[in-house]
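Peer 1: Below you will find the structure I want to go over with you.
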Amino acid sequence: MDVLALLDVNALASGLSSLSMFPYFDTAHYVVSVMALREQPGALEVSQRSPLACWFSSMLYCFGGAVLSGIIMAEAPVAPLANSTNVLLATLMWYLVFYCPLDAVYCCATMLPVRLVLTGMKEVTRTWKVLGGVTQASRKYKDGVFVMIAVGWAKGAGGGLMSNFEQLVRGIWKPETNELLKMSYPTKVTLLGALLFSLQQCGYLPLQTAQLVLLYTAFIVTNKVRMMLMGSSSSPFAPIESAFHKLLFARPLTSPTQPRSPARPRLADPAHVSEAAGKGASGTSNGSPLPSASEAAKDHRGSESSKKTN
């Protein structure tokens, strides 16, 4: 008997797949995204100095995935702005998070129970974004697995992948924060989801789309909530990444193309030094040193000349 049928999760998977993201899940996504922007260094100063730049950065946080996936698929980057309802909803959340009197919305959203719920709902939207990107790519490139992975990854983690461009909007340039150089947990887990959904779309995984949606959503929500409760920022993929890096990408300690370092001079052994010092001390007589070889030769020549004179 099928395990999934035994656990009766097919109905749950179908219900989750038919769940609408608008308006509640989209609202949670916008709130958490704008809060992430507000907690960036210097974001509050930008919100007071240039509200337009702050709003534009917020829209990149909220719709960065759709913009980046549209660029990859050679579509209009402004297509996400065509949905006026979502843009107005995201703008309302931006205003409430940054400019609400007494910071009431932000203070309420930062309470741990509320933030856990909002973050869990945002992770649910991540699944739909990744699946939407993979499906979008599969319509044009039916067997293009790598194209599906790229578009699904871009749509699910576009805000992080476009972080350098978003920082430029706020007048900041930090190339060392590039997500490709040092990927964060959301970027990694989105890449994993894009890989799984692409393989399933091409028929390499023996799972239905609804079942994979349920499994992946449960995984990312559980991990995110666990990380928040434990206050941990370490990725659960760290041991696997370390093992693969050592197995496939670690370089040898010495390379034949590298020049060898010159040999260091050997230091004298302290035991030999002390032994030589002892021999030197034993070679003295009544505190006076023994004559050297040159002095002995001079004495020998002097004695012979005296013999000849005599």
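Peer 1: Taking a ≥ b ≥ c as the square roots of the eigenvalues of the Cα gyration tensor of region 21-234, is the shape rounded (a/c under 1.5), prolate (a/b larger than b/c) or oblate?
Peer 2: Values: a/c = 1.75, a/b = 1.42, b/c = 1.23.
Prolate is the answer for region 21-234, as a/c is 1.5 or above and a/b outweighs b/c.
Peer 1: Here is a follow-up. Show me the GluC sites (Glu not before Pro) within region 1-88 that DSSP assigns to loop and that have at most 12 other Cβ atoms within 10 Å of their Cβ.
Peer 2: On the way: sites: GLU39, GLU45, GLU75; in loops: GLU39, GLU75.
Filter output for region 1-88: GLU39.
Peer 1: When ranked by the protection proxy of mean other Cβ atoms within 10 Å per residue, highest first, what sequence do the peptides 59-72, 8-21 form?
Peer 2: Result, highest mean Cβ count within 10 Å first: 59-72, 8-21.
Peer 1: Let me ask something else about it. What is the packing order of peptides 29-37, 91-99, 219-227, taking the mean over residues of other C-beta atoms within 10 Å and listing the highest first? Could the numbers behind the result be given before it?
Peer 2: Numbers: 29-37: 23.7, 91-99: 18.9, 219-227: 16.4.
In decreasing order of mean packing, 29-37, 91-99, 219-227 become 29-37, 91-99, 219-227.
Peer 1: Now, a different point. Quick one: net charge of HIS245's neighbours, Cβ under 15 Å, K/R +1, D/E -1? Don't skip to the answer; put the middle values down first.
Peer 2: Numbers: positive: LYS182, LYS188, LYS246, ARG251; negative: GLU241.
Every neighbour counted, the sum reads +3.
We did not get these values from a lab; they are worked out from the coordinates using the rules stated. Predicted model, so just to flag it, every value in this text is computed and none were measured. Cβ atoms come from the backbone with ideal geometry, glycine included; neighbour counts cover every protein chain shown.
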